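None of the figures in this text is laboratory data; all of them are computed from the coordinates on show. Nothing here was measured: the structure is a model prediction, and the numbers come from that model. All Cβ positions, even for glycine, are placed from backbone atoms using ideal geometry, and neighbour counts span all protein chains on display.
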């Protein structure tokens, strides 16, 4: 055996599951010739290893020849049908896709949250709904407000605003129409626009458009700088040529 | 992974004594293996690469008594044919050994 490095149980189980899937595929191929299809119903593995607790996590080192007193780690994988998975898996909301890994929190905070079973933003929202005191549960100064801001930032990072077109309309007064996707998606935030260094009125806004009134008495130059704050985490600067 | 070990997807199917159906000479009776349970000591080679663990395994490699014996882990593998799973669902619930033959 070569480099005997400590491994995390999570990584080991992940690999075991992947390897087992490959085994199922191999058996399926084999079954074509035997006219019967076999399925792996159960795999259990007893591993002799030494658990150690370092850097806030438990890791295991596989026992080597001559080493005594190893712990026996028993892992049993049973089979389940997809219907059973659906029946026993809780439904997640549409926004639950944000994993805690995507949220910009320090490793210590993430680890503290994981220890109390928080792996996703959805888990966090459930705790908040139950009025759980995060600070007391994790013995730290984590608060929902602080986390909520970081979560919003992470989500905005995944779905940033994209501008497809900018046009100028002239009815009573000149209006800049900015069109695109994921623009003003926060209904609680009023977008702010600055045109050539001067605050401009936002006439209407939505996820696909923002209309900005050109300040009275001003006209657009050949090159115009438009800065729009769609929400605290999305600020866009565009140059508009007329 | 050490060359003495093999990835589990290669090792596990080889541990299964799944054979072709056996028929009587006149072809009136056919016997098939509907499932089996294999329990064996194994030697493991776990290699950590980045965030993943590469699992290599092998049945006891040497059958020699040495002053320092290798570490034997234990592997149990249960497979069942889809035919058996459909006809005898009670076997899994009772924990009965699915190994054996059926006509």
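Before moving on, here are some points about what is shown:
- Rounded if a/c under 1.5, otherwise prolate or oblate - segment B:41-82, Cα gyration tensor axes: oblate
- For the peptides A:217-223, A:160-166, the ranking by packing is A:160-166, A:217-223, with the highest mean count of neighbouring Cβ atoms within 10 Å listed first.
- Given R0 = 35 Å, the distance between the Cβ atoms of residue A:204 and residue A:153 translates into a calculated FRET efficiency of 0.85.
- Exposure proxy order (Cβ contacts within 10 Å, fewest to most) of A:72, A:22: A:72, A:22
- Separation between Cα centres of segment A:163-242 and segment B:1-64, rounded to whole Å: 66 Å
- For segment A:118-132 versus segment A:53-75, the gap between their alpha-carbon centres in whole angstrom: 33 Å
- Over chain A, dividing the summed -39,500 (n - 2.57) contributions of all DSSP H runs of at least 4 residues by the number of residues returns a 222 nm mean residue ellipticity of -9000 deg cm²/dmol.
- Our estimate of slack between residue A:242 and residue A:164, defined as 0.36 nm per intervening residue step minus the Cα-Cα distance, is 26.4 nm.
- Length available on full extension from residue A:181 to residue A:25: 0.36 nm per residue minus the Cα-Cα distance, which gives 51.9 nm.
- Taking the C-alpha atoms only, the angle from helix A:144-158 to the longest principal axis of chain A is near 80 degrees.
- Counting 0.36 nm for each residue step from residue B:15 to residue B:38 and taking away their Cα separation leaves a gain of 7.5 nm.
- Computed from Cα positions, the angle between helix A:9-34 and the longest principal axis of chain A comes to roughly 70 degrees.
- Computed over chain A: relative contact order in percent, which uses C-alpha pairs under 8 Å that are six or more apart: 10 percent
- Cα gyration tensor shape of segment A:162-241, rounded if a/c is under 1.5, else prolate or oblate by comparing a/b with b/c: prolate
- Projecting label points 7 angstrom from Cα along Cα→Cβ for residue A:190 and residue A:71 puts them 5.9 nm apart.
- Rough spin-label spacing in nm, given labels placed 7 Å along Cα→Cβ, for residue B:63 and residue A:129: 6.1 nm
- Using the Cβ-Cβ distance between residue A:110 and residue B:72 with R0 = 41 Å, the FRET efficiency computed as 1/(1 + (r/R0)^6) comes to roughly 0.60.
- For peptide A:224-237, the mean count of partner chain Cβ atoms within 10 Å of a residue's Cβ comes to 0.
- Gyration tensor (alpha-carbon) shape descriptor, segment A:136-198, a/c threshold 1.5: prolate
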